[in-house]
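To start, the structure itself, in structure tokens.
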Amino acid sequence: MSTVRFATDHPYTVEIDNGALQKLPSLTGEATRVAVIYAEPLAEVALEVARLAGSATVSVLSIGVPEGEAAKTPEIATSCWRTLAAAGFTRSDLIIGVGGGATTDLAGFVAASWLRGVSYVSVPTTVLAMVDASVGGKTGIDLPEGKNLVGAFHEPDGVIADLDLLGTLPEREVRSGLAEVVKAGFVRDERIRELIAASPSGALDVTSARHAELIRRAVQFKADVVSLDLRESTSVGGRIGRELLNYGHTLGHAIEAWEHFRMRHGEAVALGMIFAAQLSRRVLGLPDEAVAVHRQLIGALGLPTSYQRAPFAELRELMGRDKKTRGQALRFVGLRNLSDPAMIVAPSEAILEECYAELGRDQ
Ligand SMILES: NC(=O)c1ccc[n+]([C@@H]2O[C@H](COP(=O)([O-])OP(=O)(O)OC[C@H]3O[C@@H](n4cnc5c(N)ncnc54)[C@H](O)[C@@H]3O)[C@@H](O)[C@H]2O)c1
């Protein structure tokens, strides 16, 4: 069993292991009622969660929601609130979210907003949710005007990353989640790069010890970053805080939005990281070999390494409109070398365009 601690204002642990779900009863605390908000295709997992959370003194309410982004709407959040209201859910009760990042974002937001905040436990069932969405305290829903526009910081009481739950995950989702893992490798953890390079197929095998080690290291990376900087998303002076998590995301978010979410988050971030490496080569002197490592590792995980579908002008416009950059100069997390990040602020438009053109040429 691996335990990663988040040393934030509201400290909590992430339990990462096969069968980690058995730890759930220890997290129900004083609650007399538990609501399990789960993605509907995961009804069987939700049943097991309800069984483990329930006891003679705890009654369980199960709330199924549509899978994926369709759950992150004001309408679904309202229906969850109304179900809680009808059940007389109180401030000392507990919400458990079960599913991918979309479901845990919604469930966390319902927990953050119900009676101004009730206890929350996350049971992520995708790689992306384990290493990113369900850890770090951000929750939220989408509006037709944009993704994640409504949300709150609400840290869980605990996160249970049961690796057995990944057994049914489609391979495309595994690859997409590993994009966030390899991101941690590029900006900090050399061992992640080694583990993927030595056996990309082992990295993709959710039953392997290598995969478990990658998940643990990526969660540890996020814990280290977030424990120093829970809320700040813009860096101060030469210090890069939580913004470090955005490596590859400036262009990645724009591609994801342009594709109207036909592309998985990790696929868009993979392209964004190759773009950020090329930009870093020009602006920060990142060595050519380090750019090559980006292409090798991202390609070995079966993630895209080249892209040209969207016109650059449209992506540039989307980058400027991103909620993190709105009204400010464009900011990119860059690298002086692997594991040596530095911010790139307001790079020249000509360089941005060159880097995008280069992204169209798979080398
Ligand atoms: N809060 C944060 O800090 C944060 C960070 C990154 C991403 N996110 C959010 O996370 C979401 C993306 O997360 P995701 O990639 O996990 O997507 P997702 O929740 O849409 O899940 C992807 C798909 O996998 C299915 N699935 C989930 N678990 C499964 C399992 N065990 N077996 C089989 N199928 C399973 C889901 O039903 C869905 O169809 C986005 O909404 C994004 O905004 C949030």
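The values are calculated or read from the model by the stated rules, or taken from the named source; none is laboratory data. Bear in mind the structure is a predicted one, so any value in this text is a computation, not a measurement. Cβ coordinates were reconstructed from backbone atoms using ideal geometry, including for glycine residues, and neighbour counts include every protein chain displayed. These accessible areas exclude ligands, DNA and RNA; they are computed on the full protein's heavy atoms, side chains included. Shrake-Rupley method; radii C 1.70, N 1.55, O 1.52, S 1.80 Å.
Odds and ends about this structure:
- Note on the stretch 65-91: residues that are open to solvent by less than 30 Å² (accessible area, probe 1.4 Å), within 15 Å of the ligand (Cβ to nearest atom) and either in a strand (DSSP E or B) or not small (Gly, Ala, Ser) (or both) total 2.
- Annotation note: Cβ proximity below 6 Å between a residue of the stretch 41-56 that is free of Cβ contacts under 8 Å to residues at least 60 places away in the same chain and a residue that is within 12 Å of the ligand (Cβ to nearest atom) and open to solvent by less than 80 Å² (accessible area, probe 1.4 Å) (sequence gap 6+ or interchain) occurs for 46/38; 46/98.
- Residue match in the stretch 92-102 (condition: within 12 Å of the ligand (Cβ to nearest atom), within 10 Å of the chain's Cα centre (by Cα) and part of a strand (DSSP E or B)): no
- Take the conditions (1) more than 30 Å from residue 70 (Cα to Cα); (2) touching a strand residue (DSSP E or B) at 6+ places or on another chain (Cβ under 8 Å); residue 332 misses just one of them, which is (1).
- With respect to the conditions (1) in contact (Cβ under 8 Å) with a residue 60 or more places away in the chain; (2) over 24 Å from residue 161 (Cα atoms); (3) open to solvent by less than 10 Å² (accessible area, probe 1.4 Å), residue 226 falls short on a single one, namely (2).
- Checked across the stretch 194-205, the condition of being over 18 Å from residue 134 (Cα atoms), surrounded by 16 or more Cβ atoms within 10 Å (Cβ to Cβ), of a type in the set (Ser, Thr, Tyr) and assigned by the TED database to the domain that holds residue 332 holds for no residue.
- Within the stretch 128-144, residues that are within 14 Å of residue 77 (Cβ to Cβ) reach partners that are acidic (Asp, Glu) and buried (at least 24 other Cβ atoms within 10 Å of the Cβ) with beta carbons closer than 6 Å, at six or more positions or on different chains, in the pairs 139/105; 140/105.
- Number of residues in the stretch 125-150 that are open to solvent by 50 Å² or more (accessible area, probe 1.4 Å) and either within 8 Å of the ligand (Cβ to nearest atom) or under 13 Å from the mean Cα position of the chain (by Cα) (or both): the value is 3.
- Check on residue 182, within 9 Å of the ligand (Cβ to nearest atom), out of contact with any Ser or Thr (no Cβ under 7 Å at 6 or more places or on another chain) and of a type in the set (A, V, I, L, M): no
- Test: residue in the stretch 154-169 that is in the same structural domain as residue 93 (by the TED database), more than 15 Å from the ligand (Cβ to nearest atom) and of a type outside the set (Lys, Arg): yes
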